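The block underneath contains the structure these notes are about, expressed in structure tokens.
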Amino acid sequence: MDINSEKKQRILSRYKFHDVAIEELEKIHRVYPDMQLLNGTYTFTDGTQKDLLKLIGNLPVTYDGQSYNFPILLWLLDSFPFTPPICLLRPTPAMVIREGRHVDARGRIYLPMLHNWDHPKTNVVALLKEMSTKFQQEAPLSSKASGDEDPHKLLASISSLQKEGGVRHHDQPHHKVSVIGGGDLGMATVMSILAKGMVDKLVFIDVAESSTKGGSGDLEIFKLPKVEVSKDLSASAGSAVVVVTANAWSNEQSYEGVVQTNVDMYRGIIPALARHSPHAVMLIASHPVDIMTHVAWRQSGLPPTHVIGAGCNLDSERLCQALDINLNVHKQAWILGEQTGGKVAVMSNVGTSSSQASQRVQIAPSSSASKPLLERALDMTKNRGQRSWSVGLSLADITQTVLTGRHKVHSISTLAQGWGGVVSEVFLSLPCLLGANGSMRLAETTLGQEDRSALETSVTSLSDLMTKLRL
């Protein structure tokens, strides 16, 4: 591994822990001598770029008794090795990414060690070993089928697809949704999703540890078409969307204690839900939603694009209605930030009736013209509350977008790290393009000082609470 070139030395000199980084690179070379160290320019999600070092090589993996070399790329941030690398697959033109628990559609790799990085307890050598172990269980790449491919390989590929749920059988509904948690919100969500008429099957699971019980018994008595009532999490297997409404409120006196009770309940259900539906979009509505969405992501091992929270979707839809009906402003608008406070209103760059593709919708920069309109619309939506039926309708709206793949922009709780200068690993409501493959954040925009300050306050409070919780 060559680290002595002038270009690499110049980049290394900017690394905050220069000497420790060199020691770590030497360890990697001893264990993985074929791994190459290169320099390159990394583009972050906010469009900013930075010259960084990257590791490129093939990871040897034994899968189904056969040996494979999966091409990977690790970007080393300038705080390496005290921050985890950004890990990506490097598929050749003949390869296809197999999206799963540890890989998203773009080839980004997500592993438990990356989520819980703590150098020197964790390091790149241990990470690569964990990556190899996970890829032995679920291969991240497969070869593209071609016209002259061996028929036995094609049969094996078809068999693999059937195992993954890629082929639809009569007993494997494509539009299957599971709602986890009873009570008013669970029932409201079930009824709202059914009213949309978009599901082949809906499974309603009442969690024993949840305080929001009720409704499942009545659904068993007054049977509804397409609805299955269960107490077994395995009934959710193969869901396209898993909606979690369960809350485990307790007699704890402190807010932190109450949230910890919910976290403890999640530990018993979230990993199982992810295991039964590894390709699902997990939609969180438990309280506090930003924290619990973050917890669900950490506990599930799913890509962040597939774990989202109800967030500020309801408030955003109300804001749009106020702008449209009361103020004659026909543009989509969203509320950003923490669901319980520190909210910021922004407007779209195009009108609601625009013929532009949804992929071109962006957040318009804050201006002296839009700010007063947004503030007036916000005043009109105050004190409307978050009743169970309202939230249930909002959850059904998000679910419909995922199932139909219509690529609508929702303000949902998502991983905000890297957006708008957010450094901490926190979940906040941001406008996201949502579809069958999960969520994609809209590009950040220029916010005023007051709005930036509100978001920074939310980031700090959420980050502080997460450090106190036992996941």
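Taking the stated definitions as given, is Lys223 free of Cβ contacts under 8 Å to residues at least 24 places away in the same chain and either among the hydrophobic types (A, V, I, L, M, F, W, C) or open to solvent by 20 Å² or more (accessible area, probe 1.4 Å) (or both)? Lay out the reasoning, then the answer.
Numbers: free of Cβ contacts under 8 Å to residues at least 24 places away in the same chain: yes; either among the hydrophobic types (A, V, I, L, M, F, W, C) or open to solvent by 20 Å² or more (accessible area, probe 1.4 Å) (or both): yes.
Yes.
Please pick out the residue among Thr467, Thr404, Thr414 that is in contact (Cβ under 8 Å) with a residue 12 or more places away in the chain and either of a type in the set (A, V, I, L, M, F, W, C) or open to solvent by 20 Å² or more (accessible area, probe 1.4 Å) (or both).
On the way: Thr467 fails: in contact (Cβ under 8 Å) with a residue 12 or more places away in the chain; Thr414 fails: either of a type in the set (A, V, I, L, M, F, W, C) or open to solvent by 20 Å² or more (accessible area, probe 1.4 Å) (or both).
Checking each option against the conditions leaves just Thr404.
Among the residues making up region 58-74, a single one is crowded, with 17+ Cβ neighbours inside 10 Å and either out of contact with any helix residue (DSSP H, G or I) (no Cβ under 9 Å at 6 or more places or on another chain) or under 19 Å from Glu6 (Cα atoms) (or both): Leu73. Pairing each residue of region 420-438 that is under 17 Å from Ser348 (Cα atoms) with any residue that is surrounded by fewer than 23 Cβ atoms within 10 Å (Cβ to Cβ) and among the small types (Gly, Ala, Ser), provided the two are 6+ apart or on different chains, yields C-beta distances under 7 Å for Leu433/Ser358. Residue selection: Thr305 satisfies the criterion of being open to solvent by 10 Å² or more (accessible area, probe 1.4 Å), among the polar types (S, T, N, Q) and within 18 Å of the chain's Cα centre (by Cα). Among the residues of region 426-454, those that are open to solvent by less than 50 Å² (accessible area, probe 1.4 Å), touching a Leu at 6+ places or on another chain (Cβ under 8 Å) and part of a loop (DSSP other than H, G, I, E, B) comprise Val426, Leu442, Leu447.
Tell me yes or no: at least one residue of region 187-206 is of a type outside the set (Lys, Arg), crowded, with 21+ Cβ neighbours inside 10 Å and modelled with pLDDT under 90. Yes, region 187-206 contains at least one residue that is of a type outside the set (Lys, Arg), crowded, with 21+ Cβ neighbours inside 10 Å and modelled with pLDDT under 90. Selection of strands (runs of 3 or more DSSP E) fully inside region 1-118 by the criterion of at least 2 residues being aromatic (Phe, Trp, Tyr) and under 29 Å from Gln299 (Cβ atoms) returns 66-76. How about region 121-137: which of its residues are open to solvent by 60 Å² or more (accessible area, probe 1.4 Å) and touching a residue at least 12 places away in the same chain (Cβ under 8 Å)? Residue satisfying the conditions is Gln136 alone. Here is a list: Asn39, Asn4. Which entry is over 14 Å from Val124 (Cβ atoms), in contact with an Asp or Glu (Cβ under 7 Å, 6 or more places away or on another chain), open to solvent by 50 Å² or more (accessible area, probe 1.4 Å) and not basic (Lys, Arg)? Testing whether each residue is over 14 Å from Val124 (Cβ atoms), in contact with an Asp or Glu (Cβ under 7 Å, 6 or more places away or on another chain), open to solvent by 50 Å² or more (accessible area, probe 1.4 Å) and not basic (Lys, Arg) leaves just Asn39.
Within region 75-111, being open to solvent by less than 10 Å² (accessible area, probe 1.4 Å) and β-branched (Val, Ile, Thr) holds for Val103, Ile109.
Results for (1) aliphatic (A, V, I, L, M); (2) closer than 27 Å to Thr261 by Cα, shown as yes or no for each residue.
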| site | (1), (2) |
| --- | --- |
| Glu375 | no, no |
| Val391 | yes, yes |
| Gly405 | no, no |
| Gly421 | no, no |
| Thr460 | no, yes |
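The values are calculated or read from the model by the stated rules, or taken from the named source; none is laboratory data. Quantities reported herein were computed from a predicted structural model and do not represent experimental measurements. Every residue, glycine as well, gets a Cβ built from its backbone with ideal geometry; the counts of neighbours run over all protein chains shown. Calculation scope for accessible area: heavy atoms of the full protein, side chains included, ligands and nucleic acids excluded. Shrake-Rupley method; radii C 1.70, N 1.55, O 1.52, S 1.80 Å.
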